[in-house]
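The values are calculated or read from the model by the stated rules, or taken from the named source; none is laboratory data. Fair warning: this is a prediction, and the values are worked out from it, not measured in the lab. Cβ sites come from the backbone with ideal geometry, for glycine too, and all protein chains shown count toward neighbours. We work out accessible area using only protein heavy atoms, side chains counted, and drop any ligands, DNA or RNA first. Shrake-Rupley method; radii C 1.70, N 1.55, O 1.52, S 1.80 Å.
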Amino acid sequence: MGRQAVEYIADLHDRSHNAVTPAHAVDVNELRTALLRPPPTGPTNFAAVLNTFAAAVSTSTATVSATAFDHIPTGALYTAALAAFLAQGVNPFTGLAVHAPLLVALEEGVLRWLCREFGLPDTAGGLITTGGSAAGLTALVAARTHCLGHQLASGTWYATAHTHHSLDKAAHIAGLPAHARRVVPVDSAQRMDLTAANTMIDADRAAGRHPFLIIGNAGSTGTGTIDPLAGIADVAARRGLWFHVDGAYGGAFQLTDRGRDRLVGIERADSIVVDPHKGLSLPYGTGVLLVARRDVLHATYASSSPYLDDATDPQLPDYSAHGIELTREFRGLRLWLPLHVHGTHQFRAALDEKLDLAHAAYRDLAADPHLHVPYTPDLTVVTFRPRHGSTRHLLDQIHATSPVALSSTRIDGADLIRLCVLSHRSHAEHVDQALAVIHAAARTTPPAG
Ligand SMILES: *Cc1c(COP(=O)(O)O)cnc(C)c1O
């Protein structure tokens, strides 16, 4: 069974480099009906079960494709998939350090390395979560608890309209009313307007409210734009707000020289979210929260119960006291194993390559007279629209004629196509393939009627 499973994944990953679409001919309606049925009472042969799974996979979006440039692509590193298999085969309990101290140390080693990469102080710590949404929620509740205590009603928080909707969801879950959210205006480059932020905070304070949190984007999802993080750090420091940085997409570029230059100020954050299942090409289910003060996480989430062992290891954190979960998947191995097998240099080099590829794509698209390319990319998202004609039509045309996957967004009332280069599988040949398809489609897109 193991051999069949590994062969299937190895074959899928091999084919992903050539950007071919799956060859399976699947009757979707028939398979959906079969899959919605309850499981059988007796056994089924493993190969048959694997076949059914593979058929369902072949109708799904190919996130492991080298020409996936839509949304925030990720590559699902093969070594991370092996790590997930090993971790779940062993199934250690890492909610309390005492049950698997050296495996907690393994996970903590990865988090400490990330804290150092981001320039956080010695008091820093973190948690590996299921993704950016869970990490953001964990941070927001810590900020709320630390800054507001139980006085939720008067708290206000500040972020631009480009801030990811998962943080609005987090605020909702955290019991903050919708009117506590302040939309800070952006400048023409779509970055937070710091003067406006100061004015809004001062006005709220004068009105008796409690401004407590300001969020900076370290690469917005729509355009990959970085807010002025050092300026936001100043605003937060002067007015006593918690400074959260959402680097779910862009945080990983801190591993590169150019990224570190562009993200300057991030080292002053109270909390940072970075999604290894985006920028480090890991499989879905891997997000990271880093905080400047791990004692604040502990004060927010620590709890005890007579049925839990209370012996703690003074050297190591109890991750159940850093977040929502008690029993948790051993996610650390998914980072640790690839980081050791490949070495950190390969991750840095892969991210550097993406910065080069995105910049080359930007120059190439900007030179096309049929296209308008409104923003210079800070990271690896390039946005464009046809000078004449419909953005939707152009995107449909691209998807109808090639396996290249792009997505769209709306900024300042204009529909834009997004090309996001991030997967470790995507190289110059794949970006060139996308550019050729885009140019060809742009030439034939009719003016809007
Ligand atoms: C993807 C994303 C999130 C949400 O992360 P998930 O891992 O999808 O839960 C938050 N912020 C930004 C900027 C993102 O790109």
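Odds and ends about this structure:
- Compared with the alpha-carbon gap, the fully stretched path from ILE324 to ARG363 is longer by 9.6 nm at 0.36 nm per residue.
- Cα-based radius of gyration of the range 97-205 once divided by 2.2 N^0.38 Å, which approximates compact folds: 1.31
- On the principal axes of its alpha carbon atoms, the range 327-378 extends 54, 28, 15 Å, with the longest extent given first.
- At a probe radius of 1.4 angstrom, the accessible area of the range 358-449 per residue rounds to 43 square angstrom.
- Within the range 198-300, the proportion of Cα pairs with more than 19 Å between them is 47 percent.
- Percent of Cα pairs in the range 244-290 per distance bin of 10 Å, from zero to the largest separation: 30, 56, 14.
- Between GLN88 and SER408, the contour length at 0.36 nm per residue exceeds the alpha carbon distance by 111.6 nm.
- Inter-label distance, nm, simple model (7 Å from Cα along the C-beta direction), LEU31/ARG260: 4.6
- Simple Cβ-charge dipole of the chain, Lys/Arg +1 and Asp/Glu -1, about Cα centre, in debye nearest 20: 640
- Convex hull per residue volume in Å³, alpha carbons only, for the range 243-337: 125
- Nitroxide proxy distance, nm - points 7 Å out along Cα→Cβ at ALA440 and HIS179: 5.6
- Among VAL6, VAL184, the sequence by solvent-accessible area, most first, with a 1.4 Å probe is VAL6, VAL184.
- Between GLU429 and VAL49, the simple spin-label model (points 7 angstrom out along Cα→Cβ) gives 3.7 nm.
- Probe 1.4 Å, all protein chains present, accessible-area order of THR41, THR156, THR123, THR409, largest first: THR41, THR123, THR409, THR156
- With Cα atoms as the point set, the range 323-411 shows a radius of gyration and Dmax of 18.9, 56 Å.
- Given in Å, the Rg to one decimal and the Dmax to the nearest whole number for the Cα atoms of the range 1-155 are 21.4, 60.
- Evaluated over the range 134-187, the Cα radius of gyration and Dmax, each in Å: 10.9, 35
- Å³ per residue enclosed by the Cα convex hull of the chain: 173
- Within the range 62-143, the ratio Rg/Rh, alpha carbon atoms throughout and Rh by Kirkwood, equals 1.02.
- Centre-to-centre, using Cα atoms only, the range 213-229 and the range 380-423 are separated by 21 Å.
- Ellipticity estimate at 222 nm from DSSP helix runs (n ≥ 4, -39,500 (n - 2.57)) divided over the chain, nearest 500: -13500 deg cm²/dmol
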